[in-house]
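**Q** My questions will all concern the structure given below.
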Amino acid sequence: MNGNKKAGVYPVPKAWAERASTDAQRREAMYVASIANPDQFWGEHGKRIHWIKPYSTVKDTSFEPGKVSIRWFEDGTTNVSYNCIDRHLTERGDQVAIIWEGDDPKDVARITYRELYAQVMKWANVLRSQGIRKGDSVTLYLPMIPEAAYAMLACARIGAIHSALSSQCPPEVLASRIADAASTVVVTADQGLRGGRKLELKVNVDAALDKLPKVVKTVIVVKRTGAPVGMLKGRDHYYDDLAETVPDQCPPEEMKAEDPLFVLFTSGSTSKPKAVVHTTGGYLVYAAMTHQYVFDYHDGDIHWCTAEISWITGHSYIVYGPLANGATTLIFEGIPTYPSASRYWDVIDKHKVSLFYTAPTAIRSLMGRGEDAVKSNSLASLRLLGSVGEPIDPKSWEWYHRVVGGGRCPIVDTWFQTETGGILITPLPGATDLKPGSAGSPFFGVKPELVDEAGDVLDGVAHGNLVIADSWPGQMRTLYRDHERFEQEYFSRYPGKYFTGDGARRDADGYYSITGRVDDVINVSGHRIGTAELESALVAHASVSEAAVVGYPHEIKGQDIYAYVVLIDGETASDELRNELVSWIRRAIGPIFTIDKVQFAVGLPKTNSGKIIRHILRKIAEDKCTEFGDTSTLSNPAVVDHLIDNRLNRK
Ligand code: WTA
């Protein structure tokens, strides 16, 4: 692409250096200022949102064991829905706030800020009519339709705490999450549509509520498909019927900065899910600020984040960040491969998307379909690409950059977590030279450190456990009604620091590459390696579309390596290919890491947000297929059956 390219480095393209709001020098100055004096830095940037009563204090946080407490802008008051809607009405009332693209390409809606305002006030009054008040929790179990955003913003407007669940969540999980969040109202749809299939949302709610007869008083049902569904008298109401009975106007509730905004269950790729609590002021400041800087958002951009709205990525980068910035955000109901593998690219051309943000899992699966599906579209509107959710391996990065981005769009590989509220480690497009496979450097105000097992801080080039040494405004405040577990889970392993659970490498330029969850590190004869590094090397092979690697016990070596490999379309599994992959890894990573078992798979077990569920794969590798533990977030059970049938370690 660039003549002067250092090996493996993509310098900031000239056009970007000229137009981006932040160049390298400015980034550095802002970063240094943010670390040197967080009170001053965030005191200034906190003003980007509207405060009803301005704050006089900024940062009041402690990571001290036994006394962990995180408060930002504490004496300020504000309202998130006001910030995302009302504040824009004079200047942008007629601008499109939400573009909705349905599962069927014929279903499209464009909702202006003024329409959003009217919808959200109606929704807020409907929730109030069902007894919801400030501080109450509401469970949202909705497909990717505009109503999901209306309902979230309506909760924010009246101070209710939303707990959004994936529309693919099965009834048992739904029941336990409703109970954990103590919601008296559940909002759902008759059915959902995804990839041409129907999701039986109302049926699932009924099954879940059979287990919770006393908790939930009201179920509000949005008509998505119009299919007839059972309606329990006194409990179940169609949204449209309730909406007819309530007023149009609903002024926003004055909320304290530290009042909870939402609860979100983590993706649970390792242990039992946790109910993460985010609050009002700091979260919104951080979501909005990261959205602007990381995507270099400018007026007129069309922002499309493909995540589910019920994921933190959806909360922060479909709804709250973009709308707080007065952006146009796209909500997509479908899947990347329906009606064809060019769907994402069709949507980009159709709606002139400029900022496109997706997950490596989607990129890899589309890469497996070949380039032709991309090339039938122009993709000329694209300016920037983003990736989130897992490490993106260099091969997929290069493909994304070259084929989707036409070599001209920077890629922001953004690292964050449900717990962090917004992006913590990322390139800034006008400021950072890009390295495929690396998430770059910390965002303003973020102090990452690498520590060893003993907690000693590692300097310079290093590989260790990633901790964050000080608070930032978007940080989670607690686990819902369980502050003790919060301290235990995140602040006990390295006292005084927030432990992310991830491992990372830092290179000579200070760039971080996430090497996977620390629990997933494999230790072969005393040599440690992150699963992400092995997987990235496997995916670099031309025949491989996706890979997951786990360790399993070995008498002498401690652990041995078991790889699950999905091939690209048109490749067939063979012993020859298996041997080739083993030597490929020996060459790429070293002979210590010789893969012992390679199982060819049709797919990998994943959460609804596309993360590989490794604890299932570990059990299959150990031939303990009856001991899976928590599978509540598994989205594709059929894949697991296939893996079990073809497992390689049978006793
Ligand atoms: C992983 C998702 C590498 C990481 C926003 C983290 C990543 C977990 C990246 C959080 C990335 C997320 N590179 N790994 N760019 N982004 N992860 O809570 O292991 O669903 O701890 O939030 O995803 O997942 P969660």
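The values are calculated or read from the model by the stated rules, or taken from the named source; none is laboratory data. On a predicted model such as this, the values are computed, not experimentally measured, just so you know. Don't worry about glycine lacking a Cβ; one is built from the backbone with ideal geometry, like all the others, and counts go over all protein chains shown. We work out accessible area using only protein heavy atoms, side chains counted, and drop any ligands, DNA or RNA first. Shrake-Rupley method; radii C 1.70, N 1.55, O 1.52, S 1.80 Å.
**Q** Please go through the range 450-469 and give me each residue that is touching a residue at least 40 places away in the same chain (Cβ under 8 Å) and under 22 Å from the mean Cα position of the chain (by Cα), ordered by number.
**A** Within the range 450-469, Asn465, Leu466, Ile468 qualify.
**Q** Right, next: Going through Ile644, Ile561 one at a time, which residue ends up being open to solvent by 30 Å² or more (accessible area, probe 1.4 Å), outside any loop (DSSP other than H, G, I, E, B) and touching a residue at least 24 places away in the same chain (Cβ under 8 Å)?
**A** Selected residue: Ile644, the only one of Ile644, Ile561 that is open to solvent by 30 Å² or more (accessible area, probe 1.4 Å), outside any loop (DSSP other than H, G, I, E, B) and touching a residue at least 24 places away in the same chain (Cβ under 8 Å).
**Q** Continuing with this model, one more query. Report the residue count in the range 20-36 for those that are surrounded by 14 or more Cβ atoms within 10 Å (Cβ to Cβ) and in a helix (DSSP H, G or I). Working first, answer last.
**A** Filtering the range 20-36 for residues surrounded by 14 or more Cβ atoms within 10 Å (Cβ to Cβ) gives 20-24, 26-27, 30-31, 33-35.
Subsequent filtering for residues that are in a helix (DSSP H, G or I) retains 24, 26-27, 30-31, 33-35.
Residues that pass the stated criteria total 8.
**Q** While we're here: Can you give me the number of residues within the range 269-298 that are within 16 Å of the ligand (Cβ to nearest atom) and in contact with an Asp or Glu (Cβ under 6 Å, 6 or more places away or on another chain)?
**A** 4
**Q** Can you tell me how many residues in the range 46-98 are part of a loop (DSSP other than H, G, I, E, B), touching a residue at least 40 places away in the same chain (Cβ under 8 Å) and of a type in the set (Val, Ile, Thr)?
**A** First, the residues of the range 46-98 that are part of a loop (DSSP other than H, G, I, E, B): 49-52, 54-58, 63-68, 73-76, 79, 85, 93-95.
With touching a residue at least 40 places away in the same chain (Cβ under 8 Å) added as a condition, the list becomes 49, 51-52, 55, 63-66, 68, 73-76, 79, 85, 95.
From what's left, of a type in the set (Val, Ile, Thr): 49, 52, 68, 85.
Result for the range 46-98: 4.
**Q** Scanning for something away from the ligand (no atom under 15 Å from the Cβ) and crowded, with 20+ Cβ neighbours inside 10 Å, does the range 409-417 turn up at least one residue?
**A** yes
**Q** Only one of (1) open to solvent by 10 Å² or more (accessible area, probe 1.4 Å); (2) farther than 25 Å from Ala307 by Cα fails for Val108. Which number is that?
**A** Failed condition: (2).
**Q** Now for a different question. When the range 165-192 is examined, which residues are found to be farther than 23 Å from Thr631 by Cβ and in contact with a Pro (Cβ under 7 Å, 6 or more places away or on another chain)?
**A** Ala189 - this is the single residue of the range 165-192 that is farther than 23 Å from Thr631 by Cβ and in contact with a Pro (Cβ under 7 Å, 6 or more places away or on another chain).
**Q** For the range 378-393, give me each residue that is free of Cβ contacts under 8 Å to residues at least 40 places away in the same chain and open to solvent by less than 30 Å² (accessible area, probe 1.4 Å).
**A** Taking the range 378-393 as the starting set, the residues that turn out to be free of Cβ contacts under 8 Å to residues at least 40 places away in the same chain are 378-380, 382, 385, 387.
Passing the criteria: Leu379, Leu382, Leu385, Ser387.
**Q** Kindly establish whether Glu398 is open to solvent by 10 Å² or more (accessible area, probe 1.4 Å), within 14 Å of the ligand (Cβ to nearest atom) and not hydrophobic (A, V, I, L, M, F, W, C).
**A** The answer is no for Glu398.
**Q** Same structure again: From Arg157, Arg194, Arg224, grab the single residue that is out of contact with any strand residue (DSSP E or B) (no Cβ under 6 Å at 6 or more places or on another chain), of a type outside the set (Val, Ile, Thr) and open to solvent by 20 Å² or more (accessible area, probe 1.4 Å).
**A** Arg194
**Q** Same structure again: Does Gly610 satisfy the criteria of being within 16 Å of the ligand (Cβ to nearest atom) and at positive phi?
**A** yes
**Q** Going through the range 107-164 one residue at a time, which ones are among the basic types (Lys, Arg), within 23 Å of Glu254 (Cα to Cα) and either in a strand (DSSP E or B) or touching a residue at least 60 places away in the same chain (Cβ under 8 Å) (or both)?
**A** The answer is Lys122, Arg128, Lys134, Arg157.
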